[in-house]
1. Which count do you get for residues in the stretch 389-441 that are part of a helix (DSSP H, G or I), modelled with pLDDT of 95 or more and out of contact with any Lys or Arg (no Cβ under 8 Å at 6 or more places or on another chain)?
2. Please go through the stretch 261-289 and pick out each residue that is polar (S, T, N, Q) and assigned to a strand (DSSP E or B).
3. Considering only the stretch 26-70, state which residues are of a type in the set (S, T, Y) and in contact with an Asp or Glu (Cβ under 6 Å, 6 or more places away or on another chain).
4. Could you please let me know if E207 is of a type in the set (D, E) and without any contact (Cβ under 8 Å) to a residue 24 or more places away in the chain?
5. Against the conditions (1) out of contact with any Ser or Thr (no Cβ under 9 Å at 6 or more places or on another chain); (2) of a type in the set (V, I, T); (3) more than 20 Å from L426 (Cβ to Cβ); (4) at pLDDT 95 or above, where does T289 fall short? Just the number, please.
6. Out of Q116, Q135, which single residue is surrounded by fewer than 20 Cβ atoms within 10 Å (Cβ to Cβ), at pLDDT 95 or above and touching a Pro at 6+ places or on another chain (Cβ under 9 Å)?
7. Looking at the stretch 1-40 only, could you name the residues that are farther than 30 Å from A89 by Cα and aliphatic (A, V, I, L, M)?
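The values are calculated or read from the model by the stated rules, or taken from the named source; none is laboratory data. If you're wondering where the values come from, they're calculated on a predicted model, not measured in any experiment. Neighbour counts run over all protein chains shown; Cβ positions are idealised from the backbone, glycine included.
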Amino acid sequence: MTNSKLHIYNSHSGKKELFVPIHQNFVGLYVCGPTVYNYVHLGNCRTFISFDMVYRYLLHLGYKVRYVRNITDVGHLENDADEGEDKIAKKARLEQVEPMEIVQKYTLDFHDVLRQFNNHAPSIEPTATGHIIEQIEMIKTILENGYAYEVNGSVYFDVNKYNEKFPYGELSGRKIEDLIAGTRDLDGQDEKRNSLDFALWKNASPEHIMKWPSPWGIGFPGWHLECSAMSTKYLGETFDIHGGGMDLKFPHHECEIAQGCASTGKSPVNYWMHGNMLTLNGKKMSKSTGNTLLPNELFNGGSDLLERGYHPMVVRFFTMQAHYRSTLDFTSEALNATEKGYEKLMDAIKELETLTTSANSSVNVNGLVSSFYDAMNDDFNAPILVANLFETVKIINTIKEGKATITQADLELLTKEVNAFVFDVLGLAPLNSAGDDSKLEGVMDLVLNLRQQARENKDWGTSDKIRDGLAAAGLVVKDGKDGTTWK
């Protein structure tokens, strides 16, 4: 197992730390999943692609990984508040359907999009509604330990009481005094003792749709509670890695730490990881400004914000061009460049099968392979890995041209490791096996035959029109001495 050098940037400490799992060969990984009340947006996809890569690399190192990713299907109120309407229930009311119809619709969409991105499914994908009992039991424990209080059928976490023993705000680097100063004063009508207190359980009004019986009355769980209850159930009171988007660091993940410490007396997570945001054409993605893009619009070219559509594998490869903790800007120019690079990488991998071997190697294959591991061991640094893979592409081409030599043993090692890092770790796939229409081959045969007839008739206008039309659709036609090829 190549695991002794992996370093992870821990958002809790603010520095890279050597990864030492709690159990020698087992890793517990928890990633906050979507609230399924709308189509999954591209920013969410980047987060899940990033942690899919983390999952894949841990598997590649030989760990047994239990990857848990939740589905939020209750309790997430609008604006992440403790008052107001449940996002899913509101959507159901507007569409005049049952809340679970909304959940089913957008969960299926979420799964479909991630399948197109070639994401592995998690080991366990629990839902909040499927773990109401576990959430109630955790609330009971927090109440017994003195870190919560009940008011009119609702239960709130007592942040001031918690802060007497544990530092609230430690993950996001915020001080409780500053947080209090930044909130409104209670007006006497609020049930909470302090404006920072957050709901563990909310008493449901008669018109509230999604509600359950509890020791405190009919109600529903708070949003922050589900992750604490489910991660504890499936990964233990303290587990290895918790991931999510940067926007979840405060208050969601901060509250998870508080709930974990309040219920068990122990910090629930050893390594906190946070992925950064996406921008589109240099601007923040926002529904209010119209600068937003759904995955399917990106695939089929159905948005005016980009010049055309792009294959999901090209988009996945594009997300690897920036470190998961860095901002990534989607532009047509950048995606076009990525597409060309993707084709070059895939062509080089095919060339590995055709290289001629020699008695000696003039290339340092062990050094190349080590560079792959060094990149990923440095906090999953995919951009450096990609750069090292393209350096390998150059070497493959020099061997092909006879300007360098490689032994059979070195070629087998290089082929094995390049394929492992491209397909198993980065999760890429050849375009013709990642969702392309199987009928495309037949269609292209017909189109190229028509073009060939035009060329034979010296109808260069029609020939060029077919070629240019295919190019606009992302299909490159090349004429050579052995005939016409396309990709």
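1. Final tally of qualifying residues: 26.
2. Residues satisfying the conditions are N270, T279, S286.
3. Hit for the stretch 26-70 is Y39, nothing else.
4. Taking the combined requirement at face value, the residue satisfies it.
5. (4)
6. Q116
7. M1, L6, I8, L18, V20, I22, V27, listed by residue number.
Residue-wise test of (1) basic (K, R); (2) over 43 Å from the mean Cα position of the chain (by Cα); (3) part of a helix (DSSP H, G or I); (4) modelled with pLDDT of 70 or more.
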site	(1), (2), (3), (4)
D445	no, no, yes, yes
L450	no, yes, yes, yes
R455	yes, yes, yes, yes
L475	no, no, no, yes
T484	no, no, no, yes
